[in-house]
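Colleague: Got a structure for you, written out below as structure tokens; questions coming shortly.
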Amino acid sequence: MKNVTCYGTGLIGTGWGVVFLRGGCKVTFYDIDDEKINASKKTLNDILDFFRTKGLMTEDQKKQCLANASFTIDPAEAVKNAEFIQESSPENLELKQKIFKIIEENCPKDAIIASSTSGLLISDITVNAIHPERIVGGHPYNPPYVMPLVEISRTPKTDQKYVDAAKAFYTELGKEAVILNKESKGFLCNRIQAAVCREAMDLVNRGVCSVEDIDKAVVYGVGLRWAIIGPHLVNHLGGGTGGFTQFWQHLSKAFSSWLQDMATWTDIPPEGYAEKAVKGVSEAMANRQPGTGKETEELRTYLNNGIIEILKYHKKI
């Protein structure tokens, strides 16, 4: 699949475009007006410059990527030759349903359509689809041009051959694709993130620790190991020669006692927590070393640079 359309050119859509361009695809970027198209062109150039300055792309490769990118505000023109369409419109169900109708009316009948939705169910998005069998969820982790993960979701109407084709395509582009066998709100990572964030928020809210200390505990503790091999394999190593079985036998009772003491609320924390968190974030950033994130943009750059170094360790970049 070499002809790709990015339908929607926000940070996610343009970020996806970088992935496709770096994979050698010809990419058509679509959005509703010239203002958004011009913003996408600037973002695209900035991201490609980021890769160039990191030594991950030459100037000639950047020029080739730009040569393979085209832009349009005509929705029919955008998808008429597409083999793969990555939809990245706002998280609005009614809007996405309308967009998918437009896409299906104008794209080839065998084109795969993937939605970047981070929270909506594909079965809801495709309720009126003509060919729901070729529509999948393709949820990236942000920013998609740096983070390798893509979560592929499906509905009971999705044909397995399109799931396999989407996974093969994403994998060819260097992504790590995971497949959900059944629909799940928030998919995989957002649910794990929500569970960890709930406990982090609760510990801060109960006065157990500060915002800065809970973030340090994640970065220099559990997060450091998870960034390399993930929770199940970490626990397997924690079991010594007995592996996961021994880990479970040794810690299952303690695990249960921790769970019984953990937060179980299903709504946001009590009133006033946001103000407490904002204050804590400001304090944490003020205490960071120069060059590591005393300001928001500096923090974003520090994060992206760190992710790249971890991906180098994983041989993913």
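The values are calculated or read from the model by the stated rules, or taken from the named source; none is laboratory data. Fair warning: this is a prediction, and the values are worked out from it, not measured in the lab. Positions of Cβ are generated from backbone atoms using ideal geometry, with glycine treated the same way; all protein chains shown enter the neighbour counts.
Colleague: Select the helices (runs of 4 or more DSSP H) contained entirely in the range 75-136, then report the ones holding at least 3 residues which are crowded, with 21+ Cβ neighbours inside 10 Å.
Modeller: Hits in the range 75-136: 93-106.
Colleague: When Glu212 is evaluated against the numbered criteria (1) in contact (Cβ under 8 Å) with a residue 12 or more places away in the chain; (2) assigned by TED's automatic domain parsing to the domain that holds Lys96, which criterion, by number, is the only one it fails?
Modeller: Evaluating Glu212 over (1) in contact (Cβ under 8 Å) with a residue 12 or more places away in the chain; (2) assigned by TED's automatic domain parsing to the domain that holds Lys96 leaves (2) as the failure.
Colleague: Filter the range 204-213 down to the residues that are modelled with pLDDT of 95 or more and either within 23 Å of the chain's Cα centre (by Cα) or not β-branched (Val, Ile, Thr) (or both), then identify the one that is nearest to Val281 (Cα to Cα).
Modeller: Looking at the filtered set, the residue picked out is Glu212.
Colleague: Identify the single condition in (1) more than 19 Å from Ala111 (Cα to Cα); (2) free of Cβ contacts under 8 Å to residues at least 60 places away in the same chain that Arg22 does not satisfy, given that it satisfies every other one.
Modeller: (2)
Colleague: Follow-up. Checking Ile47 against (1) in contact with a helix residue (DSSP H, G or I) (Cβ under 8 Å, 6 or more places away or on another chain); (2) under 20 Å from Glu77 (Cα atoms): exactly one of these is not met. Which one?
Modeller: Tallying (1) in contact with a helix residue (DSSP H, G or I) (Cβ under 8 Å, 6 or more places away or on another chain); (2) under 20 Å from Glu77 (Cα atoms), Ile47 fails exactly one: (2).
Colleague: Tell me the residue from Leu48, Leu44 that is surrounded by 18 or more Cβ atoms within 10 Å (Cβ to Cβ) and in contact with a Gly (Cβ under 7 Å, 6 or more places away or on another chain), please.
Modeller: Being surrounded by 18 or more Cβ atoms within 10 Å (Cβ to Cβ) and in contact with a Gly (Cβ under 7 Å, 6 or more places away or on another chain) holds for just one of Leu48, Leu44, which is Leu44.
Colleague: Do the conditions hold for Leu66, that is, is it surrounded by fewer than 14 Cβ atoms within 10 Å (Cβ to Cβ) and either on the phi > 0 side of the Ramachandran plot or not in a loop (DSSP other than H, G, I, E, B) (or both)?
Modeller: Working: surrounded by fewer than 14 Cβ atoms within 10 Å (Cβ to Cβ): yes; either on the phi > 0 side of the Ramachandran plot or not in a loop (DSSP other than H, G, I, E, B) (or both): yes.
Criteria met by Leu66.
Colleague: Would you say Gly55 is over 18 Å from Thr14 (Cβ atoms), in contact (Cβ under 8 Å) with a residue 60 or more places away in the chain and loosely packed, with under 13 Cβ neighbours inside 10 Å?
Modeller: no
Colleague: So, restricting to helices (runs of 4 or more DSSP H) that lie completely within the range 243-317, which ones have at least 1 residues that are under 29 Å from Tyr145 (Cα atoms)?
Modeller: Qualifying helices (runs of 4 or more DSSP H): 273-286, 296-313.
Colleague: On the basis of being assigned to a helix (DSSP H, G or I) and within 28 Å of Lys312 (Cβ to Cβ), does Leu56 make the cut?
Modeller: Judged against the criteria, Leu56 is not a match.
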